[in-house]
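See structure below.
Please treat every number below as a calculation from the coordinates, not as lab data. Predicted model, so just to flag it, every value in this text is computed and none were measured. Positions of Cβ are backbone-derived with ideal geometry, glycine not excepted, and every protein chain shown enters the neighbour counts.
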Amino acid sequence: MLIISVQGRSHKYLLHEIPTALAVELAERWLDKGDKHTPVVIGAFLLADPKGDDQEARRLFEQAADKGADVAPFLKELEDRAR
């Protein structure tokens, strides 16, 4: 369970109930922004999450590729989904 406090109010989430945007925000705060794999991790989460955003995942994969990360399998998955 994740408990966060926002403006003095506590919000409780079971792990499978954490909103996608909150999970991404936590990952962005926790992971090393300079690491070429950080956008891959977040993009993979968006790809796997039923409420994830494929366009944002693609943007993150392209960003990671520009930094030298191998994202070919993830881009292939996005292409396969589009068919």
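Can you tell me how many residues within the stretch 19-34 are exposed (fewer than 13 other Cβ atoms within 10 Å of the Cβ) and either touching an Asp or Glu at 6+ places or on another chain (Cβ under 6 Å) or of a type in the set (S, T, N, Q) (or both)?
0
Among the numbered criteria (1) surrounded by 13 or more Cβ atoms within 10 Å (Cβ to Cβ); (2) touching a strand residue (DSSP E or B) at 6+ places or on another chain (Cβ under 8 Å); (3) under 26 Å from Leu78 (Cβ atoms); (4) not hydrophobic (A, V, I, L, M, F, W, C), which single criterion is violated by His37?
His37 satisfies all of (1) surrounded by 13 or more Cβ atoms within 10 Å (Cβ to Cβ); (2) touching a strand residue (DSSP E or B) at 6+ places or on another chain (Cβ under 8 Å); (3) under 26 Å from Leu78 (Cβ atoms); (4) not hydrophobic (A, V, I, L, M, F, W, C) except (2).
From the list Gly43, Gly52, Gly68, pick out the single residue that is touching a residue at least 24 places away in the same chain (Cβ under 8 Å) and in a helix (DSSP H, G or I).
Gly43
Find the residue count for the stretch 27-40, including only residues that are among the acidic types (Asp, Glu) and either in a helix (DSSP H, G or I) or in contact with a His (Cβ under 9 Å, 6 or more places away or on another chain) (or both).
Of the residues in the stretch 27-40, 1 are among the acidic types (Asp, Glu) and either in a helix (DSSP H, G or I) or in contact with a His (Cβ under 9 Å, 6 or more places away or on another chain) (or both).
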